[in-house]
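This report refers to the structure that appears directly beneath it.
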């Protein structure tokens, strides 16, 4: 059955011909086929029929290749990036107003953020997972450049804030009592993990989008 898989991948590579990510796409599809065959064999399906089912699921390689035409970046992805910037702009506004004025609304929002800082950080981490997953599901293996660019653009305010606080350009007292040592450490850790977590979710999105 190895010959059948190789023939499918050769035809797919031929169909992609001048696509800039043709080799990466073929490698991703090859891995997807292998994973699918293993899963089917675990439930008692022979390798021959498992291979046949996987290739039938993908369809004609020349038709399948057409799905890798690079689409324009959908508004949804741009909105995800914009949303992260709005998180930070909103946080800055709440922080400044709550400390420099007596407006009860902003004071209440600030108190809520302080009391629920850890659950908010957890939910915020899910945002990055969903961003990677959405790009993977929409673009498939063709979305590697999109996910890298999107993560870079979205994470700019995170990196600026983290760098500013760690270097003490931005006094940590401004965010007191939210930015205690434990929370700062978790924020740094989560920021470092944003990229690998989003890339992992991106791969899951690819599988679900096929």
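Read the figures in this text as sums done on the coordinates, not as results from a lab. Predicted model only: the values in this text are computed from it and were never measured. Backbone-built Cβ (ideal geometry, glycine too); neighbour counts: all protein chains shown.
I need to check one value: relative contact order of the chain, counting alpha carbon pairs closer than 8 Å and at least 6 residues apart, in percent. Intermediate values should be presented prior to the final figure.
Details: 162 pairs, mean separation 52.1, N = 210.
Normalised by residue count, the contact order of the chain is 25 percent.
Express the relative contact order of the stretch 2-68 as a whole percentage, based on alpha carbon pairs under 8 Å and six or more residues apart in sequence. Walk me through the intermediate numbers first.
On the way: 37 pairs, mean separation 28.9, N = 67.
Once divided by the residue count of the stretch 2-68, the mean separation gives 43 percent.
Determine the shape class of the stretch 140-210: with a ≥ b ≥ c the square roots of the Cα gyration tensor eigenvalues, call it rounded for a/c under 1.5, and otherwise prolate if a/b is greater than b/c, oblate otherwise.
prolate
Most mobile of 188, 146, 93 per a Gaussian network model of the chain (Cα springs, under 10 Å)?
It is 93.
Could you work out Rg/(2.2 N^0.38 Å) for the chain, with Rg from alpha carbons only?
Working: Rg = 22.7 Å, N = 210, 2.2 N^0.38 = 16.8 Å.
Expressed relative to 2.2 N^0.38 Å, the Cα Rg reads 1.35.
What shape does the stretch 1-41 take by its C-alpha gyration tensor, where a ≥ b ≥ c are the square roots of the eigenvalues and a/c under 1.5 counts as rounded, a/b above b/c as prolate, and the rest as oblate? Could you put the intermediate results ahead of the total?
On the way: a/c = 4.14, a/b = 1.75, b/c = 2.36.
Note, shape of the stretch 1-41 comes out oblate.
For the stretch 105-187, what is the convex hull volume of its Cα atoms per residue in Å³?
Working: hull volume 9.5 nm³, N = 83.
Roughly 114 Å³ of hull volume per residue.
To the nearest 500 deg cm²/dmol, what mean residue ellipticity at 222 nm is calculated for the chain from DSSP H runs of n ≥ 4 alone, each contributing -39,500 (n - 2.57), summed and divided by the residues? Could the numbers behind the result be given before it?
Working: 9 runs with 165 residues, N = 210.
Per the formula, -26500 deg cm²/dmol.
Using a Förster distance of 35 angstrom, determine the FRET efficiency expected from the C-beta separation of residue 39 and residue 169, and round it to 0.05. Show your work: numbers first, answer last.
Values: r = 51 Å, r/R0 = 1.45.
Once rounded, the FRET efficiency stands at 0.10.
Using Cβ counts within 10 Å as a stand-in for footprinting exposure, how do 128, 85 rank, fewest first? Each step should come with its number before you reach the end.
Working: 128 23, 85 13.
Ascending Cβ contact count within 10 Å gives the list 85, 128.
Sort largest first and round to whole Å: the equivalent ellipsoid semi-axes of the stretch 2-68, each the square root of five times a Cα gyration tensor eigenvalue. Spell out each step's value before the answer.
Details: eigenvalues 105, 23, 18 Å².
Here the semi-axes work out to 23, 11, 9 Å.
To two decimal places, what compactness ratio does the stretch 1-116 give when its Cα radius of gyration is scaled by 2.2 N^0.38 Å?
Values: Rg = 25.3 Å, N = 116, 2.2 N^0.38 = 13.4 Å.
In units of the globular-protein estimate, the stretch 1-116 measures up at 1.89.
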